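Student: Submitted below is the structure of interest, expressed as structure tokens.
The values are calculated or read from the model by the stated rules, or taken from the named source; none is laboratory data. Keep in mind that this is a model prediction, so the values were computed, not measured. Positions of Cβ are generated from backbone atoms using ideal geometry, with glycine treated the same way; all protein chains shown enter the neighbour counts.
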Amino acid sequence: MAFMTHRPDKNANDDHRGPVLTRMVSLAKVSAWLCRVGAVLASLPLVAITFLMVDTHILQDALAGTARVTSPGLGAVLLESADGFSSVTLITEQGYSAFASLTLPIVMAWALWEAGSLLASIARTQRPFERLHARKLGIVGMVLAIGSLTINIVGNVLTFALLKALSFTGSLSFSRIIEPEMLVVGLCILVFARIFDYGCILQEQDDGLL
């Protein structure tokens, strides 16, 4: 009795993959565009606050050492221009530092831009499981994970240094050290990056059989 081994028909496999690939490419194109728009929007608060500080001369007064620091109560700390007409919150009543709030948009914009680059590459090559894509996804995860651990620490240190330079003698209270939501998302993306790595191995094995 002769035993026959059935081999999958390559054309049949292509027929099944075609519609899935088409939908994936379309979705990747739209998602890449949304990520890049999101990156721009995420950076707008930083631009707006910087413009406000320059326009109201608070930044110049702070650099010149003539700005005033006030604490209206409830733990908030304000930086006022020398004329007293403009002010910026350095520490909110909830204990969040302004420098951390300025750094957060940078981290989010960076992560969104990298994600957009990844999705655009997937749409262009029509091959999701590539080593380059796994590395890009890993970068997104690392940016979010590291950012979640450093944003508030760096922001708090800069705020403390500025207040000491302006001879502020009041009490300080920072309520947030890490960004737990961002940390969880970053770690999940890092797991998916490893899954992509495994998918790359399977893709290379599949290509070797053709």
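Student: Please name all residue pairs, on different chains or six or more residues apart, with Cβ atoms under 9 Å, provided the first residue is in region 18-36 and is within 15 Å of residue 121 (Cβ to Cβ) and the second residue is of a type in the set (Phe, Trp, Tyr).
Tutor: 35/113; 36/113
Student: Collect the residues in region 41-50 that are in contact (Cβ under 8 Å) with a residue 60 or more places away in the chain, surrounded by 12 or more Cβ atoms within 10 Å (Cβ to Cβ) and more than 12 Å from residue 107 (Cα to Cα), keeping them in residue-number order.
Tutor: In the first step, residues of region 41-50 are kept if they are in contact (Cβ under 8 Å) with a residue 60 or more places away in the chain; the result is 42-46.
Filter once more, so that each one left must be surrounded by 12 or more Cβ atoms within 10 Å (Cβ to Cβ): 42-43, 45-46.
Across region 41-50, the qualifying residue is only 45.
Student: Being farther than 15 Å from residue 32 by Cα, at pLDDT below 90 and crowded, with 17+ Cβ neighbours inside 10 Å narrows it down to one residue among 144, 104; which is it? Before you say what the answer is, go through the steps one by one.
Tutor: Values: 144 fails: at pLDDT below 90.
After applying the criteria, what remains is 104.
Student: Just checking, does region 153-162 include any residue being of a type in the set (Phe, Trp, Tyr) and surrounded by 18 or more Cβ atoms within 10 Å (Cβ to Cβ)? Steps first, please.
Tutor: Here is the first cut: in region 153-162, the residues of a type in the set (Phe, Trp, Tyr) are 160.
Now restrict to residues that are surrounded by 18 or more Cβ atoms within 10 Å (Cβ to Cβ): none.
No, region 153-162 contains no residue that is of a type in the set (Phe, Trp, Tyr) and surrounded by 18 or more Cβ atoms within 10 Å (Cβ to Cβ).
Student: While we're here: Scan region 86-106 and report the pairs whose first residue is closer than 14 Å to residue 179 by Cβ and whose second residue is of a type in the set (Asp, Glu) and surrounded by 19 or more Cβ atoms within 10 Å (Cβ to Cβ), with Cβ atoms within less than 8 Å and a gap of 6+ or a chain change.
Tutor: Note: pairs meeting the criteria are 104/179.
Student: Being surrounded by 13 or more Cβ atoms within 10 Å (Cβ to Cβ) and assigned to a helix (DSSP H, G or I) is the filter here; which residues of region 171-187 pass it?
Tutor: Correct list: 182, 183, 184, 185, 186, 187.
Student: Same structure, new question: Among the residues of region 123-133, are any assigned to a helix (DSSP H, G or I), at negative phi, touching a Cys at 6+ places or on another chain (Cβ under 6 Å) and buried (at least 16 other Cβ atoms within 10 Å of the Cβ)?
Tutor: No, every residue in region 123-133 fails to be assigned to a helix (DSSP H, G or I), at negative phi, touching a Cys at 6+ places or on another chain (Cβ under 6 Å) and buried (at least 16 other Cβ atoms within 10 Å of the Cβ).
Student: Select from region 73-82 the residues that are modelled with pLDDT of 75 or more and outside any loop (DSSP other than H, G, I, E, B) and write down the one among them that is farthest from the chain's Cα centre (by Cα).
Tutor: If we filter region 73-82 for residues that are modelled with pLDDT of 75 or more, which is where we start, we get 76-82.
With the extra rule that they be outside any loop (DSSP other than H, G, I, E, B), the set shrinks to 76-80.
Working: 76: 27, 77: 27, 78: 27, 79: 28, 80: 30 Å.
If we take residues in region 73-82 being modelled with pLDDT of 75 or more and outside any loop (DSSP other than H, G, I, E, B), then 80 is farthest from the chain's Cα centre (by Cα).
Student: Taking region 79-105, which residues are touching a strand residue (DSSP E or B) at 6+ places or on another chain (Cβ under 9 Å) and among the hydrophobic types (A, V, I, L, M, F, W, C)?
Tutor: Selection gives 79, 82, 88, 90, 91, 98, 99.
Student: Quick check: anything in region 149-167 closer than 25 Å to residue 114 by Cα, among the basic types (Lys, Arg) and assigned to a helix (DSSP H, G or I)?
Tutor: no
Student: Which condition does residue 139 not pass, out of (1) at pLDDT 90 or above; (2) more than 13 Å from the chain's Cα centre (by Cα), if it passes all the others?
Tutor: Of everything listed in (1) at pLDDT 90 or above; (2) more than 13 Å from the chain's Cα centre (by Cα), residue 139 misses just condition (2).
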